Structure formats: structure tokens, C-alpha cells
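The values are calculated or read from the model by the stated rules, or taken from the named source; none is laboratory data. Because the structure is a prediction, the values reported are computed rather than measured. So basically every Cβ, Gly included, is an ideal-geometry build from the backbone, and we count neighbours across all protein chains shown.
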Amino acid sequence: MHRFADPAKWWNAVYSDVPLTTQWDDGDHTGADRGVMPTSSNSMPTMVFSMLAALEVEDGNRVLEVGTGTGWNAALLSHRLGSDNVVTVEVDKTSAGDARCRLSRAEYYPTSVVGDGVEGYATGAPYDRVIATCSVGRVPHAWVNQVRPGGVIVAPWGPEYGGEAVVRLKVSADGTAHGRFVGSSAFMRLRRQRASRPNSLEYLSGPWPADGTESTTGVSPDDVGSWLAMFAVGVQVPGVFPLVERYADGTYTLWLHDTAITSWATVDWEPGRHDYEVVQSGPRSLWDEVEAAWHWWCRHDRPGFDRFGLTVTPGSHTVWLDSPENPIPLRG
């Protein structure tokens, strides 16, 4: 949508409580139609405000933002804290330049850096707060190292399997960070942490069902498909991701793959069924792992995002339920 082609429609879109894609395919795609993969956006306003609320900035705080995007969030931080206290990092040179122009027109002048957000920006450290406007599967330890003890990191975090929530971490003097998840989210992945996911055919050793072992399950693939269920499963089943193959008659196949390309599984969904056909192959029985993870979540009363937390150390990420003394079991 171009603001000069239909100003009223453009204005209504910009001021709606929805995310607005502003870049496709890392800028390789241009034009008014959709590209293959959205790679930058103006986030939904309620999400922006909820994350800023979780950040809890105070007068005099220095903030590092990872993911400048359109520059709107950097403008809000600059208005609250003063431009001198805000550093914003953007990996895409064109996006960073466009945002810098918008910010200067609004008379905000935060330190604008073109660089890889994984590295943070050590030159401007230490910070009191770090906020990421892209999701991560691992919180870069550079962020932890660049925050003063007692400082806060707010970032969307999600496992390989899917599901995602915003985590609020408090940094300790020993170089670790701990905190709870504060609400559901769905952000584009930090560029260096994007997954490269193989096609299902790369897992098969021959004609169907290849070398797979057939069985049935009473757990529907629908049961494990909500955003929260995917998160609860994903934190227990590392290195596994799902794909869904849908058919014209309304049925579908849930494919499970491991990132090591050693194991796969399928579960076929059909309406009216109470048991579902399963095929599994490889050293990991991926559906068995997912089903066990789902049952664990059910036994714990299907906890929401707010009961989960995360501990980050230089060498590990540990997800826990209710307290750091109760780590989530890992399978596989």
C-alpha cells in the first residue's frame, strides 16, 4: 500500500491495531504484492506498548533496542528517555537509513547503528535495559554482558518447534539472567537465528512408508497445534519442527522432522476419527516425544505462558515451570 495512492486507506491502516509488513524477502522483493517471507514490520501497537510496559524504563536509563525496523519504537523510547539514552541496532542497511530519516524528521536522534543485533552494541554499554523487536531461540549472551546487574532484557523467545512468548529477564551480577514469560507473541526471527528447514523428502529413504514403523495414537494432531501447546511441547522437545501438508478434502498430515535430518514422523488427521495413523522413523521417535510432552503439559493443568520462565547462562538456556528449581524435562 502506498500512502499517496490512497491516503485515507493508508492512514487507517497505519493507525489500526495490527502489524504492518514493511519489507519482504530482506528487501529483494519490491512492489505492492506479497513476497515469499516477511522480513520487517511495524509491530501491532498493543504488542509494542505491552513490551514497553514490561521493560519498565526509569528516568536516566540507557536502552539498547535490537531491531530498529521503522524506527517507531526507538522514537517512543527517545521521547521517554531522551535521544542520548537510546541506541538502536538494525541489520538491514536500507531499513536503518529509512528509520534514521523518519526519526530526524520527528526530531529524535538516538544512536543508530547498522549491525548484527546478536552482537548488541558494546560501544554504548553498559545499558539498563535491552529490548528486542525480533524473536530469538537463544538470548545472545552479548546482551546479558552489556546490561548492568539488576537491568532488564525484554525479548520474544520461542523454541524450534513453534509457539512464542515475550520473556522478561533480570540480569544478575554473576552474568546470568532469569525471568518469566509475560505474554504470547509472534515476531520475525533474528536474522542470524533463522532456521533452514529441509523438505520432507530429504528424510525418506524410499517409497512410502520408507523405513517407517506404523502405529496409531489417540492424541489428535489438532491437540498439539495451538500456539501455547506448541510452546509447551517445543520447550521439551529440542531440535524438532513441524510441517503441515493439507489436502483438498480437508484432511491433513502433520510431519515432524529433527534438525539433524535423522528422524521423522507423520500423523494423519481425518474428521470424525478418534485414533490417528502414525509413522515414525529414525533414532528418535518424534511423535512419541511430542505426545509425551503434550501429556506432561496436560498433567500440569495446561499452564499458560505466565507460569513458564527462563534462565540464561553463558552456556545454557533452561526453561522452567513456576520456579527455576523446577526445570522442564527434555526429551530426545
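Considering only the stretch 60-90, state which residues are surrounded by fewer than 22 Cβ atoms within 10 Å (Cβ to Cβ) and of a type in the set (A, V, I, L, M, F, W, C).
Residues satisfying the conditions are Trp72, Ala75, Leu76, Leu81.
What residue, among those in the stretch 192-222 that are in contact (Cβ under 8 Å) with a residue 60 or more places away in the chain and among the charged types (D, E, K, R), is farthest from Trp296 (Cα to Cα)?
Arg192
Can you confirm whether Pro156 is surrounded by 14 or more Cβ atoms within 10 Å (Cβ to Cβ) and under 20 Å from Val244 (Cβ atoms)?
Numbers: surrounded by 14 or more Cβ atoms within 10 Å (Cβ to Cβ): yes; under 20 Å from Val244 (Cβ atoms): no.
Against the criterion (surrounded by 14 or more Cβ atoms within 10 Å (Cβ to Cβ) and under 20 Å from Val244 (Cβ atoms)), Pro156 does not qualify.
Go through (1) over 24 Å from Val182 (Cα atoms); (2) not in a helix (DSSP H, G or I) for Thr94 and report which single condition fails.
(2)
Out of the residues in the stretch 260-300 meeting the condition of being crowded, with 18+ Cβ neighbours inside 10 Å and polar (S, T, N, Q), tell me which one is nearest to Gly218 (Cα to Cα).
Thr266
Taking the stretch 64-77, which residues are of a type in the set (A, V, I, L, M) and in contact with a Pro (Cβ under 9 Å, 6 or more places away or on another chain)?
Narrowing the stretch 64-77 to residues of a type in the set (A, V, I, L, M): 64, 66, 74-77.
Listed by number, the residues that qualify are Val66, Ala74, Ala75, Leu77.
Which of the residues that make up the stretch 159-197 are farther than 13 Å from Ser135 by Cα and β-branched (Val, Ile, Thr)?
Val171, Thr176, Val182
How about the stretch 128-242: which strands (runs of 3 or more DSSP E) wholly inside it have at least 3 residues that are among the polar types (S, T, N, Q)? First the steps, then the outcome.
Numbers: elements: 147-157, 165-171, 177-184, 213-217.
Per the criteria, 213-217.
Restricting to the stretch 31-78, count the residues that are polar (S, T, N, Q), touching a Gly at 6+ places or on another chain (Cβ under 7 Å) and modelled with pLDDT of 95 or more.
1
Which fully enclosed strands (runs of 3 or more DSSP E) of the stretch 276-322 have 2 or more residues being within 18 Å of the chain's Cα centre (by Cα) and either over 27 Å from Trp264 (Cβ atoms) or touching a residue at least 40 places away in the same chain (Cβ under 8 Å) (or both)?
Values: elements: 276-281, 308-313, 316-321.
Hits in the stretch 276-322: 308-313, 316-321.
Without any contact (Cβ under 8 Å) to a residue 60 or more places away in the chain, over 19 Å from Glu58 (Cβ atoms) and surrounded by 16 or more Cβ atoms within 10 Å (Cβ to Cβ): is that true of Gly120 in this structure? Before you say what the answer is, go through the steps one by one.
Numbers: without any contact (Cβ under 8 Å) to a residue 60 or more places away in the chain: yes; over 19 Å from Glu58 (Cβ atoms): yes; surrounded by 16 or more Cβ atoms within 10 Å (Cβ to Cβ): yes.
Criteria met by Gly120.
Return yes when Leu169 is surrounded by 13 or more Cβ atoms within 10 Å (Cβ to Cβ) and modelled with pLDDT of 90 or more and no when it is not. So that I can check it myself, show each step before the final result.
Numbers: surrounded by 13 or more Cβ atoms within 10 Å (Cβ to Cβ): yes; modelled with pLDDT of 90 or more: yes.
Considered against the rule, which asks whether it is surrounded by 13 or more Cβ atoms within 10 Å (Cβ to Cβ) and modelled with pLDDT of 90 or more, Leu169 comes out as yes.
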